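Single-structure report; data block below.
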Amino acid sequence: MLEKIKNIKVKEIFSLRNLKVRIGKLFRSFKKYFSTNVLFLSYLITSVFIGFLLRLLTIGNAWELKAFLCDITICVLLGSFGYLFKPKHQFKYFFGLSVFYTLLCIVNHIYFTFYSSFVSVSLLKGLSMLGEVSDSVTSRLEVIYFVYIIAPIIMIIVNKVLVKKNYYFEVGKHEKGKRMFLKNMAVSVTVIFFVLITLVPAEASRLVKQWVRDYNVQRFGLYLYTFNDLIQSLEPSVSSMFGYDEAAKTFRDFYNSREIDDSKNKYTNIFEGKNVIFIHAESIQNFLIDLEVNNTVITPNFNRLSKEGLYFSSFYPQISTGTSSDTEFTLSTGLLPSNSGIVFTNFYDRTYETLQQQFNNKGYYTFSMHANEATYWNRKTMYKTLGYQDFYAKDRYVVPKDKDDPDYVGLGLSDKSFFKQIIPILSDIKSNHKNFMGTIITLSNHSPFSDTSKYGDLDFSITYKKGTGEYDANGKEIMEDVTVPYLEGTQMGNYLKSAHYADEAIGEFFKMVLENNLDENTVFIIYGDHESKLGKKQFNLLYNYDASIDGIKDKNDPTYVSLDSYKYDLLKNTPLIIWTSDKKLKKEITDVMGMWDVFPTVANMFNLDYNYALGNDIFSNSEKIVVFPNGNVLTNKVYYSNLNDEYILLTEEPIDTGYIDRIKEYAETRLEVSKSIIVHDLIDKQGDLLERNEEDEKGVKTK
């Protein structure tokens, strides 16, 4: 027995020694790895750190474990190729990757500030537009956008230290580059495979469809998002090879089963035979209506028009990355913008059913007017696709070459001069055409709203009385005037001045319309094309400024206006006004409405046909629902965030347990159908087949 005990103790001792030996070997292996891979690890740590920093400074939620894992994996995957170089040449490769990641973070941070989303590779075709709006970007650059250069700076410092220590020469004696390359590749591919097979269906769907870019960056990190987006961006080029059959089936199933409320309502055909002019009001947001600052009414003319016509106070553009061009596309087609490219520049060669074509079919003359270059947003080509017969672009007007000229405001010809120059053109159109449908696109209220010397004499500083602490002979405290800046010199202040100028131009335009009898038999539809792209801080300044402290009110102040991300999103609506000079349509419609509803609503009013628009006539009994390209959904009852998979109630009316699932499915179906039509050109390739199926069904019913 004692012998057995001794043997057991001996075995335990040897086991402990073996364990210590193994731990020692493992420790030495780690030590050797860290000491001989300093450059690679520096590249890896700094690259993952700036990816984390981007999520922290944009989305705010930066601690997603899977995002860290994906960032590490992509960095290891790309970094593994560095081992194919000799140690003395590896710095150039790793530094190049570090610079690439840094630029990626900087560009995405700037883009997120403007569009609350992340850059898509497919947007590169739209880079030609940046020349026209470069001031809008450069005027709002902040130091924080460049914090990411910490990564290449650290790389440079590490490299200098390693050179001094003769690191590359020593490592070069023993490093087996090909073996390290294969090991890193194997690890990274294995981890990526593991991540992919552990995705739940909802995650996989969002990753593949790329609707919710901020969700994908938050969940999977910037680097995997970018890699995935690169693959997605190839879709326009390979659409005929991949996914067509499934997309065609989705298209047919949707339109064969969709039910549209085509019953008549009080607005059915009320404008049949009338002319119509759409006014595309650049960056006019709905919060401007009836807004007063320092006893100054910001938009008196928009206020008046909203009270003289049909005013849709809960109207939302549904833009993606194409901003103004997305608005034009959605209004014209009733479809949603693409998330795999800008329709006007990537998918201009497709067949669409459009509002312009329907007016053409009625014998209308259709045209668009804009004082910008005809090639901007590829309008010259895309307008032919939409069905416009004429485009009165920049070359049709007298545009000052000197930017100091009072008729040059912001990006080009001032709205006031533009409106004066188009009045005789409109008069000529009226004289030569029985009916016409036109679009007038304004320009002056375009960001960065920096041409303040031409906006007028508005002053948004505040002067108030403040006690001096001294008293007169009657014991009354002596007061003095104190002036604080408030909105003066801020982005919000400049925007309000710009909007005030644009409003004045609209007022002058309608005065000239009446003077020239252009209102006769004509309906005017005015809409804001998208929000101003001002950040929450600017709205906080507008609503929560306290002059007495020259700063923002305390959150516990009863007058403090809370602006969380949901309320901020809901402030992005723009006005939609349908106006006639007889002023017989005085009414405010508070139901939520999207840009995709304009085509069906106008079609109902003018007795036009349509088959493919995804929105609804706002006056029908259909549910009022707005689907945004990022998958968010707005109804009269809720606002649902696809990013956070949560919602806020907008009324006290309760919703049933399946309501959110139903609106999510509603949104996903229409996003998929719209994408299929755009990418695969299905109206042209499947439209006739769909019509034949409908005729066959009618034939069966007749029998």
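No value in this document is a laboratory result; all are computed from the given coordinates. Here the structure is a predicted model, which is why all the values come from computation and not from measurement. Here the Cβ positions follow ideal geometry from the backbone for every residue, glycine too, while neighbour counts run over all protein chains shown.
Among T601, T345, the ranking by other beta carbons within 10 Å of each residue's beta carbon, starting with the fewest, stands as T345, T601.
Compute the acute angle (0 to 90°) between the alpha-carbon long axis of helix 150-164 and the principal axis of greatest extent of the alpha-carbon atoms of the chain; round to the nearest 10°. Rounded to the nearest ten degrees, it is 30. When the listed pairs K362/K454; K384/K434; K274/K685; K66/K555; K384/K430 are checked against a 31 Å cut-off, the alpha-carbon distance exceeds it for K362/K454; K274/K685; K66/K555. Of the beta bridges in the chain, as assigned by DSSP with both residues counted there, near 55 percent are antiparallel.
Of the options P152, S324, Y311, report the single residue whose Cα projects farthest towards the positive end of the charge dipole of the chain (beta-carbon charges: Lys, Arg +1; Asp, Glu -1). Most positive-ward Cα: P152.
Placing +1 on the Cβ of every Lys and Arg and -1 on the Cβ of every Asp and Glu, with no other charges, gives the chain a dipole of roughly 5120 debye about its Cα centre. Near T439, the amide H atoms lying under 5 Å from its own belong to F278, F367, S368, M369; only residues 5 or more places off or on other chains count, and H is placed 1.01 Å from N. Each 5 Å bin from zero up to the one holding the largest Cα-Cα distance in region 512-624 carries the following percent of pairs: 2, 9, 14, 15, 14, 12, 11, 10, 8, 5, 2, 0. Its DSSP H runs of at least 4 residues, each contributing -39,500 (n - 2.57), put the calculated 222 nm mean residue ellipticity of the chain at -16000 deg cm²/dmol, to the nearest 500. Ordering C105, I270, V673 by the projection of their Cα atoms onto the charge dipole of the chain, which places +1 on the Cβ of Lys and Arg and -1 on the Cβ of Asp and Glu, puts C105 at the extreme positive end. Helix 323-333 axis versus longest C-alpha principal axis of the chain: approximately 60°, rounded to the nearest ten.
What you get for region 429-486, charging only the Cβ of Lys and Arg (+1) and of Asp and Glu (-1), is a dipole of about 720 debye around the Cα centre. The distance from the alpha carbon centre of region 316-378 to that of region 59-101 is 40 Å, rounded to a whole number. Quick one, which of (i) 1.06; (ii) 1.04; (iii) 0.95 is the actual Rg/Rh (Cα atoms, Kirkwood Rh) calculated for this model? Calculated Rg/Rh (Cα atoms, Kirkwood Rh): the matching label is (i). Pick out, from T442, I549, I23, the residue whose Cα sits farthest towards the positive end of the charge dipole of the chain, with +1 on the Cβ of Lys and Arg and -1 on the Cβ of Asp and Glu. It is I23, whose Cα lies furthest towards the positive end.
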